[in-house]
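Reading through the structure tokens given below for one structure.
The values are calculated or read from the model by the stated rules, or taken from the named source; none is laboratory data. Worth saying up front: this structure is predicted, and the values here are computed from it rather than measured. Methodologically, a virtual Cβ is constructed for each residue, glycine included, from the backbone with ideal geometry; neighbour enumeration extends over all protein chains shown. For the accessible areas, the whole protein counts, side chains as well, though only heavy atoms, and no ligand, DNA or RNA atoms are used. Shrake-Rupley method; radii C 1.70, N 1.55, O 1.52, S 1.80 Å.
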Amino acid sequence: MDQIMSLPFGVALAALFAIVMIRVNATYWLGRGAVAGFAHTRFGASLENPKAARAQALIRRWGPYAVVVSFLTIGLQTAVNLAAGAARMPLRRYVPAAIVGSVLWAVLYATIGLAALEAWLAVAAASPVGAAVAIAAVAILVVVIVMARRRRAAAKSADTVV
């Protein structure tokens, strides 16, 4: 990471774009190959996990838009690109979406992402306890948000049923 951070901005941006394009296209083709050749092996089950199922639903509903938006998420990008391949999204729709998403990801990562990573590493180096407390605070915040959303969804479904 230090090597990329030490490059001029334009070069770092191009390197990040190339890295993510290679990764997402490899993931897309892995998805296509998984459906074609590995559906009946132990690897086929990975296409049925909850993340992959959510990604498949996004692909069916939103297609290329889901691919672009996935680049702005954490943890869903790989599943969406794998699902795009597994769903055999036509390349004429996938490639432009992958390019737009890769540009977004590279710009965000080259600006905010690397600065945030550098700041986080400085905090962790200066105070490992402080870093642990920050992680715990973020985890608690995520749990509170998820629980609130679930309660709201349950209340909505209860109102709909009645």
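Observations on the structure shown:
- Ranked by the mean number of other Cβ atoms within 10 Å of their residues, highest first, the peptides 56-64, 136-144 come out as 56-64, 136-144.
- Computed on segment 16-85, the Cα convex hull volume stands at 80 Å³ per residue.
- Highest mean packing first, where packing is the average number of other Cβ atoms within 10 Å per residue, the peptides 14-21, 126-133 line up as 14-21, 126-133.
- Local electrostatic count, Val143, Cβ distance below 14 Å [Lys/Arg +1, Asp/Glu -1]: +3
- Answer label, with Rg and Dmax of the Cα atoms in Å calculated from the coordinates and candidates (1) 19.2, 61; (2) 14.7, 44; (3) 18.3, 62: (1)
- Counting 0.36 nm for each residue step from Ala116 to Ala53 and taking away their Cα separation leaves a gain of 19.6 nm.
- The share of accessible area on the chain that comes from carbon and sulfur is 71 percent, using a 1.4 angstrom probe.
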